[in-house]
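Engineer: Have a look at the structure that comes next, please.
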Amino acid sequence: MFEPWIQPVAAYANKGAAPDWILAKIVLRTVLQLHQYGAKVLAVISDGAGSNKFMWTHLGVNGKPEDPKCKIEHPCLPDASLHFICDVPHIRKCIRNHLMKHKYAQIGNNQVSYEHYVRLCEAEKKANIRVVPKLTEYHVKPQALLKMNVRLATQLFSRSVAIGLKVYRPQRVAGFSDSAGTEAFTELLNDVFDILNAKVPAAGIRRDSPKIKVLEDFLKMMDDTESIPNLEQFASTQIMESFRVTLMSVLSLIEFLHSRGVSYVLTASLNQDPLEVI
């Protein structure tokens, strides 16, 4: 009673049996049924599967930079919207996997090279006193199923790794002279994902919190970067669009909940596909 709980309310066969329009009907019907029992659904959270993205498109949700839409008219609540969110841990590991494959990326003024993470790991192996003791080859060169490990991706995009890059750069260690952009990107991702993972009241997003501007600035940085043709992004087009919808939905929900008298928002409730924690 006094602990978080998850209640399965529906199931469906998805192999060829639930195309986008069927899945959209299932989602809306579930929201309607829950409303009849007093549950007010404000967000639909899913992983990045293609069927879920097709469902978004069918409902009019998209993350294209020229005309993004993160929410639709609520089927039950005239003064609210139904928001759509992609599982944040899924986004995190997809960013790591994309960078690992494509090696280079740009966001804002930051040039990012995945090789900096690899070199940091190699430098740490030789160090007498390690700056980033948790960093291993599993983080920078994950194989097979380890590519799906969220914890490894989270630890790679952490403040400790950003500090490691900052420490090695002035020491003139080979391969770190141009790592400032990777350091800034790593620290920025760490901050954004921390904001999207607030679990306790002390970390909750309150009205006029500077954390709101961090999300807004990151969203604008994504838009500005994508507006430049032929620039290598830090994630695939599908993940960039999912991330944009997610950030817009989180910001919209924070504003809505504050307007309804909520003191703070624990964003961790919005950042994971609930089925993964049953």
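Engineer: For region 5-92, which fully contained strands (runs of 3 or more DSSP E) count at least 1 residues that are hydrophobic (A, V, I, L, M, F, W, C) and surrounded by fewer than 19 Cβ atoms within 10 Å (Cβ to Cβ)?
Structural biologist: Because the criterion is at least 1 residues that are hydrophobic (A, V, I, L, M, F, W, C) and surrounded by fewer than 19 Cβ atoms within 10 Å (Cβ to Cβ), the strands (runs of 3 or more DSSP E) in region 5-92 that meet it are 43-46, 71-73.
Engineer: Another question, if that's okay. Do we have any residue at all in region 223-242 that's assigned to a loop (DSSP other than H, G, I, E, B), in contact with a helix residue (DSSP H, G or I) (Cβ under 7 Å, 6 or more places away or on another chain), modelled with pLDDT under 95 and among the charged types (D, E, K, R)?
Structural biologist: The answer is yes; a qualifying residue exists.
Engineer: So L120 fits all but one of (1) more than 20 Å from the chain's Cα centre (by Cα); (2) at pLDDT below 95; (3) hydrophobic (A, V, I, L, M, F, W, C); (4) closer than 23 Å to Q233 by Cβ; what number is the exception?
Structural biologist: For L120, the failing item is (2).
Engineer: Among the residues of region 102-144 satisfying the criterion of being touching a Gly at 6+ places or on another chain (Cβ under 8 Å), in a helix (DSSP H, G or I) and of a type outside the set (A, V, I, L, M), which is nearest to K166 (Cα to Cα)?
Structural biologist: Checking each candidate, the answer is H116.
Engineer: Does at least one position in region 238-260 carry a residue that is surrounded by fewer than 16 Cβ atoms within 10 Å (Cβ to Cβ) and hydrophobic (A, V, I, L, M, F, W, C)? Full working, then the answer.
Structural biologist: Residues of region 238-260 that are surrounded by fewer than 16 Cβ atoms within 10 Å (Cβ to Cβ), as a first pass: 238, 255, 259-260.
From what is left, the residues that are hydrophobic (A, V, I, L, M, F, W, C) are none.
No.
Engineer: Being at pLDDT 95 or above, in a helix (DSSP H, G or I), in contact with an Asp or Glu (Cβ under 9 Å, 6 or more places away or on another chain) and closer than 27 Å to G50 by Cα is true for just one of L253, L215, L247. Which residue is that? Can you show your working first?
Structural biologist: Values: L253 fails: in contact with an Asp or Glu (Cβ under 9 Å, 6 or more places away or on another chain); L215 fails: in contact with an Asp or Glu (Cβ under 9 Å, 6 or more places away or on another chain).
Only one candidate passes the filter, namely L247.
Engineer: Residues of region 159-210 being in contact with a Ser or Thr (Cβ under 6 Å, 6 or more places away or on another chain) and within 20 Å of A235 (Cα to Cα), which ones?
Structural biologist: V161, A162, T182, N190, L196 - these are the residues of region 159-210 that are in contact with a Ser or Thr (Cβ under 6 Å, 6 or more places away or on another chain) and within 20 Å of A235 (Cα to Cα).
Quick grid of which residues meet (1) out of contact with any helix residue (DSSP H, G or I) (no Cβ under 7 Å at 6 or more places or on another chain); (2) assigned to a helix (DSSP H, G or I); (3) at pLDDT 95 or above; (4) over 16 Å from A268 (Cβ atoms):
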{"position": "L165", "(1), (2), (3), (4)": "no, yes, yes, yes"}
{"position": "A184", "(1), (2), (3), (4)": "yes, yes, yes, yes"}
{"position": "F193", "(1), (2), (3), (4)": "no, yes, yes, no"}
{"position": "K199", "(1), (2), (3), (4)": "no, no, no, no"}
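Engineer: A further question on this structure: If you take the residues in region 189-202 that are touching a residue at least 12 places away in the same chain (Cβ under 8 Å) and among the hydrophobic types (A, V, I, L, M, F, W, C), which one is surrounded by the fewest Cβ atoms within 10 Å (Cβ to Cβ)?
Structural biologist: V200
Engineer: Right, something else. List the residue pairs whose Cβ atoms are under 7 Å apart, where the first residue sits in region 206-221 and is loosely packed, with under 15 Cβ neighbours inside 10 Å, the second is hydrophobic (A, V, I, L, M, F, W, C), and the two are 6 or more positions apart or on different chains.
Structural biologist: E216/L251
The values are calculated or read from the model by the stated rules, or taken from the named source; none is laboratory data. Because the structure is a prediction, the values reported are computed rather than measured. FYI the Cβ positions are ideal-geometry reconstructions off the backbone, even for glycines, and counts take in every protein chain you see.
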